[in-house]
Amino acid sequence: MTIKKISIILLILLSALLPVNSQNVNITRQENIGALNLKNHTPLEEGLSGYFGGIHNNRLIIAGGSNFANGKPWENGEKQIYNHIITGTVSENSVDWQISPTKLPAKLTDGASVTTPEGVVCSGGTGPEGISDKAFLLNFSQNEITIQNLPSLPFPVKGHDMALIGNTVYLTGGEAPHGPSRNTLSLNLTNKSEGWLQLADMPEAITGMVLEAQSNGKETALFAIGGRLRMPEDSVTSFKNSVLVYSPTHNTWTEKGKIRPKGFEHPLNLAVAAGAPAGASHIIVVGGDPGTQYNKIEEAINKMAQNPDAKIQRDSLWINHPGFNSHILVYNTITDKWFATDQWEGPAPVMAKMIPWNNRYIIPMGEVSPGIRTAEIKSLEIASDPVFGWINYLVLGLYFAGMLYLGFYFVKKDGDVDDYFKAGGRIPWWAAGISIFATTLSAITFISIPAKAYATDWHMLVFQFCIILIAPFVIRYFLPFFRRFNLSTAYQYLELRFNSTLKWLASALFILFMVTRIAVVLYLPSLALNAVTGFDIYLSIILMGVVTIIYCTSGGIEAVVWGDVIQGIILMGGAVVAFIFMITGIDGGISGFTEIVISHEKMHIFDFSLDISKPVFWVVLIGGLANTLILYTSDQSVVQRYMTTKDEKSTGRSIWLNGIISIPVSITFFLLGTGLFAFYYSNPEKLAATNPNIDSVFPQFIVGELPAGMAGLLISAIFAAAMSTLSSNINSVASVFTSDFYMSIAKKATQKKNMMVARVSSIVIGILGIGMALVLATWSIESLWDQFNTFLGLLTSGIGALFLMGIFSKRISPRAALGGLIGGLVTTLLVKQMTDVSFLLYGAIGLLASLAIAFLLSFIFPNKKDINRLTYHTLIK
């Protein structure tokens with residue numbers, strides 16, 4: 001055995017012995033930030049429950065509510081219901097309260113409220129005048145509260161809850177005069193005159209549930225958690241421990257699992273708890289009544305008519321109430337699993353609100369036992385404390401140093417622009433194939449595809465396989481044009497076939513798309529790494545961008561291709577290692593993984609329904625074929641690889657190699673996503689509830705579950721995935737700008753001048769991409785994979801159509817082609833704005849629309865140019 005092999009084995013054993021990174025997730029911080037303190041309003045200082053509450057213009061708003069300020073229930077005290085509106089200025093550790101001169105239209109408690117951009121929407125409730133059907137908006141502006149009446153509810157209701165999705169308020173459950181309600185209603189705040197719309201009924205009538213809007217991986221849905229129900233014929237109230245989910249897309253309710261946190265022997269009944277969404281796929285729940293003592297009190301009350309001594313028992317149960325659920329519970333809306341992160345400090349409240357504010361939650365007051373309110377205002381924060389470690393930083397630093405060395409190594413071999421962008425045909429076919437694969441893979445695949453499979457299933461796998469179907473078509477019909485005309489860029493063919501205007505327009509659209517793509521490719525891993533390692537998102541963007549600019553600008557396409565080969569190997573090796581660690585962390589190992597996957601249908605691929613608004617089989621297949629055809633026939637970052645091998649046959653082999661590699665790689669990345677689901681299903685407490693988007697799930701696993709050093713290697717793989725695509729994009733855009741624009745205008749420029757423009761344009765394009773990525777970092781985007789494919793369909797479908805027009809049609813003239821390009825872009829934009837067609841079809845729609853419009857225009861503007869040698873029919877013959 002050689003020294004080299006022994007060293008490798010020792011390194012593997014060493015990495016296995018290194019400790020797993022201690023990543024602290026879901027750290028709970030609780031703080032008292034004062035109490036309700038109002039001069040001359042002593043009854044309110046008792047504390048309130050059942051109030052309307054929310055945040056508007058950074059002002060905490062509390063309205064209505066109730067307490068027993070004039071005597072407790074066992075003292076025959078009456079419940080006091082209020083119409084006051086209180087506002088609070090919240091600082092880090094205190095609240096400054098003011099009471100508004102504006103009052104509610106009636107004394108109300110046990111209504112529902114939700115924070116919206118327009119203000120706090122309030123509905124229903126009960127008071128001295130009975131149950132209310134009113135809805136109104138509390139708005140804080142110019143230092144005062146205003147009340148805007150909203151359309152009345154179809155019926156009076158109390159004990160219900162509301163949530164917001166987009167601009168639509170949803171209301172469900174509660175108790176109406178006729179009894180418990182199963183109704184679900186919605187009000188569009190942008191079209192209030194439409195009133196409340198009736199939606200699908202809940203499976204059963206529930207009051208006192210937690211209703212929150214959160215992503216289920218496929219859409220933002222409504223989650224109704226717990227609650228209670230007492231029908232007129234019931235002697236005691238039934239408390240619930242289930243989760244019901246409403247799909248706005250399908251207008252249907254389904255029942256999920258039970259409220260059973262990890263480690264709990266039995267499901268937990270909960271009613272009138274407080275909840276709020278957290279991160280991209282969690283809901284936090286505090287307080288809540290499990291109902292055991294409540295039922296005992298009901299039974300005592302039921303006996304009072306026949307047994308006066310039962311009143312003593314009732315009062316004793318009230319006075320000696322043990323309190324409510326003290327666990328702070330976290331629910332994952334994707335895995336449908338619960339865990340308890342901490343204990344509530346002090347008596348836990350019910351009939352309170354949990355109001356998000358500045359990355360934490362404000363829980364004002366509430367009921368802490370029957371008849372007893374608290375005036376305390378609590379602050380709750382769920383945070384993570386990621387630890388990356390010096391070993392991982394060392395590995396990451398070595399990776400960046402290696403990439404810089406690569407660029408400087410190849411800088412000596414650059415001769416002219418042709419060599420800089422084509423490598424003089426020196427690249428082996430297998431390296432070109434791996435480079436194409438690495439370029440199209442990117443961090444969008446390495447992070448977002450596992451995240452998609454984790455959140456949904458394998459329905460997008462068909463999209464990844466389309467390259468196998470497209471490869472023969474590309475090799476047979478397109479490759480000869482790029483190789484035999486010896487083109488510097490793909491778009492120079494459009495000048496030969498049509499005119500320079502179309503070449504410049506296609507080149508400009510490509511540059512626009514690539515700048516956008518560079519930004520997305522930079523932003524996605526930076527966002528995910530920021531969530532799980534604490535890396536500053538802006539620093540990550542700048543670091544990746546600058547290192548990539550240096551090595552691809554210095555070494556040209558040769559550095560880019562060989563960098564892609566190295567990065568592709570790191571990327572795939574890291575994926576396999578990560579999957580092995582996932583399996584070992586799942587309860588039951590491989591058998592446990594199989595059981596979880598099958599029971600949750602996580603490997604479901606085929607949906608043959610005809611709904612074009614969803615990623616069903618036909619949508620994925622047609623969209624995948626169109627987008628892959630566009631990518632492999634009109635994307636300079638791919639087409640440029642066709643020019644780097646020695647001949648047409650070698651290029652064909654590289655395309656086939658890329659296609660063949662894509663099959664096991666795609667399966668691997670979907671398996672990673674399924675493994676993530678199974679792992680966090682078994683270990684729900686290990687996933688940070690604060691993750692800002694689902695795309696962070698794989699990086700968090702890497703940092704939190706892999707040994708030090710190994711985690712650094714896989715984080716390097718994420719950077720590798722991003723930088724392989726980034727370098728290709730920068731080099732291809734520089735190629736297009738230099739060859740299609742600068743050299744077309746400055747035809748007498750020297751090679752030295754051309755080389756300077758090539759390098760400067762690489763730097764400028766990279767800086768533009770970095771700048772746009774920094775802008776994206778200020779936005780909120782749920783899935784970057786979706787956004788990337790939207791950009792792909794909108795900006796590049798017309799370019800792909802130009803090549804199809806040019807190669808396969810003799811009759812389409814330059815003017816008809818231009819009309820088709822513009823018409824296809826307009827059509828796709830209209831489809832995006834006016835329909836709910838899946839973004840996956842944008843590429844196909846743009847492609848077909850451009851071709852159809854161009855063909856029709858060719859009858860008005862026929863082709864008069866001799867193009868025989870420029871079409872498929874002549875060139876192939």
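When 520, 474 are screened for being touching a residue at least 24 places away in the same chain (Cβ under 8 Å), within 20 Å of residue 731 (Cβ to Cβ) and part of a helix (DSSP H, G or I), only 520 passes. For residue 108, the criteria (1) crowded, with 23+ Cβ neighbours inside 10 Å; (2) under 37 Å from the mean Cα position of the chain (by Cα); (3) modelled with pLDDT of 95 or more hold in every case but one, which is (2).
Every test in (1) surrounded by fewer than 16 Cβ atoms within 10 Å (Cβ to Cβ); (2) farther than 20 Å from residue 668 by Cβ is passed by residue 604 save one, and that test is (2). For the stretch 307-323, state whether one or more residues are at pLDDT below 95 and under 30 Å from residue 687 (Cβ atoms). Checked the stretch 307-323: at least one residue is at pLDDT below 95 and under 30 Å from residue 687 (Cβ atoms). Scanning the stretch 704-754 for residues that are more than 30 Å from residue 687 (Cα to Cα) and among the hydrophobic types (A, V, I, L, M, F, W, C) returns 730, 733, 734, 736, 737, 741, 743, 745, 746, 749.
The residue list 340, 375, 348, 383 contains one member that is among the small types (Gly, Ala, Ser), touching a residue at least 60 places away in the same chain (Cβ under 8 Å) and surrounded by 21 or more Cβ atoms within 10 Å (Cβ to Cβ), which is 348. Taking the stretch 147-179 as the range and being assigned to a loop (DSSP other than H, G, I, E, B) and either buried (at least 24 other Cβ atoms within 10 Å of the Cβ) or among the β-branched types (Val, Ile, Thr) (or both) as the test, the residues that pass are 157, 159, 160, 173, 174. On the given criteria, is residue 220 under 18 Å from residue 272 (Cα atoms) and crowded, with 16+ Cβ neighbours inside 10 Å? Answer is no for this residue.
Residue-wise test of (1) over 40 Å from the mean Cα position of the chain (by Cα); (2) modelled with pLDDT under 95; (3) more than 15 Å from residue 121 (Cα to Cα); (4) part of a helix (DSSP H, G or I).
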{"residue": "60", "(1), (2), (3), (4)": "no, yes, no, no"}
{"residue": "70", "(1), (2), (3), (4)": "yes, yes, yes, no"}
{"residue": "86", "(1), (2), (3), (4)": "no, yes, yes, no"}
{"residue": "100", "(1), (2), (3), (4)": "no, yes, yes, no"}
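Evaluating residue 232 against the criteria (1) part of a loop (DSSP other than H, G, I, E, B); (2) out of contact with any Asp or Glu (no Cβ under 7 Å at 6 or more places or on another chain); (3) under 24 Å from residue 455 (Cβ atoms) leaves one unmet condition, (3). Being out of contact with any helix residue (DSSP H, G or I) (no Cβ under 6 Å at 6 or more places or on another chain) and hydroxyl-bearing (Ser, Thr, Tyr) is the filter; apply it to the stretch 694-746 and report the residue that is surrounded by the fewest Cβ atoms within 10 Å (Cβ to Cβ). Looking at the filtered set, the residue picked out is 744.
Among the candidates 447, 511, 541, the residue that is more than 17 Å from the chain's Cα centre (by Cα), part of a helix (DSSP H, G or I) and within 28 Å of residue 654 (Cβ to Cβ) is uniquely 511. The condition of being farther than 29 Å from residue 254 by Cβ, in contact (Cβ under 8 Å) with a residue 24 or more places away in the chain and of a type in the set (Asp, Glu) holds for only one of 129, 204, 144, that being 144.
As for the stretch 39-56, it holds at least one residue that is touching a strand residue (DSSP E or B) at 6+ places or on another chain (Cβ under 7 Å) and modelled with pLDDT under 85. Among the residues making up the stretch 479-498, those that are assigned to a helix (DSSP H, G or I), at pLDDT 85 or above and buried (at least 22 other Cβ atoms within 10 Å of the Cβ) are 493, 494, 497. Looking at residue 233, is it modelled with pLDDT of 95 or more and either within 23 Å of the chain's Cα centre (by Cα) or surrounded by fewer than 18 Cβ atoms within 10 Å (Cβ to Cβ) (or both)? Here the answer is no, as residue 233 does not meet what is asked.
Contact annotation: no residue pair with Cβ atoms under 6 Å, 6 or more positions apart or on different chains, pairs a residue in the stretch 273-294 that is more than 18 Å from residue 314 (Cα to Cα) and acidic (Asp, Glu) with a partner that is assigned to a strand (DSSP E or B) and at pLDDT 95 or above. Before we move on, is residue 501 crowded, with 23+ Cβ neighbours inside 10 Å and either of a type in the set (S, T, N, Q) or not assigned by TED's automatic domain parsing to the domain that holds residue 626 (or both)? No. Residues that are hydrophobic (A, V, I, L, M, F, W, C) and at pLDDT 85 or above within the stretch 758-771 comprise 760, 763, 764, 765, 767, 768, 770, listed in sequence order. Close Cβ contacts (under 8 Å, 6 or more residues apart or on different chains) running from residues in the stretch 678-703 that are charged (D, E, K, R) to residues that are assigned to a loop (DSSP other than H, G, I, E, B) and surrounded by fewer than 24 Cβ atoms within 10 Å (Cβ to Cβ) comprise 685/262; 695/783. Could you tell me whether residue 855 is outside any helix (DSSP H, G or I) and of a type in the set (Phe, Trp, Tyr)? So residue 855 does not fit the description; no.
The values are calculated or read from the model by the stated rules, or taken from the named source; none is laboratory data. All of these numbers come straight from a predicted model, not from anything done at the bench. All Cβ positions, even for glycine, are placed from backbone atoms using ideal geometry, and neighbour counts span all protein chains on display.
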